[in-house]
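Let me begin by presenting the structure, written as structure tokens, before commenting on it.
The values are calculated or read from the model by the stated rules, or taken from the named source; none is laboratory data. If you're wondering where the values come from, they're calculated on a predicted model, not measured in any experiment. When we count neighbours, we look across all protein chains shown, and the Cβ atoms used for this are built from the backbone with ideal geometry, even at glycine.
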């Protein structure tokens, strides 16, 4: 196993851990629909103030989509990206 594979597996394990955390927290809730998808904006609330300064609408929309998508899906996609990179680059 090389470093790229380990990073991909770590991303997938982190996404499963995050999904498990969200599942347990939704089971502990007492009001109606308590499932809440965590995003990067929820994890780091003041870390993305620079996004509003982006002048290109296409880049702005892409960045906003990435930072507001559910974090477990983002980490699954990042892990998949590292596995694809590993398939083409043998280190």
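Being closer than 30 Å to residue 2 by Cβ and modelled with pLDDT under 90 is a description that applies to residue 91.
Selection of region 11-68 for residues being surrounded by 10 or more Cβ atoms within 10 Å (Cβ to Cβ) and not in a helix (DSSP H, G or I) yields 29, 34, 35, 36, 37, 38, 39, 44, 47, 48, 54. Based on what the data block shows, is residue 8 on the phi < 0 side of the Ramachandran plot, free of Cβ contacts under 8 Å to residues at least 24 places away in the same chain, over 12 Å from the mean Cα position of the chain (by Cα) and in a helix (DSSP H, G or I)? It is false that residue 8 is on the phi < 0 side of the Ramachandran plot, free of Cβ contacts under 8 Å to residues at least 24 places away in the same chain, over 12 Å from the mean Cα position of the chain (by Cα) and in a helix (DSSP H, G or I).
Going by the conditions given, is residue 80 within 14 Å of the chain's Cα centre (by Cα), touching a residue at least 12 places away in the same chain (Cβ under 8 Å) and not in a helix (DSSP H, G or I)? No; evaluated as a whole, the condition is false for this residue.
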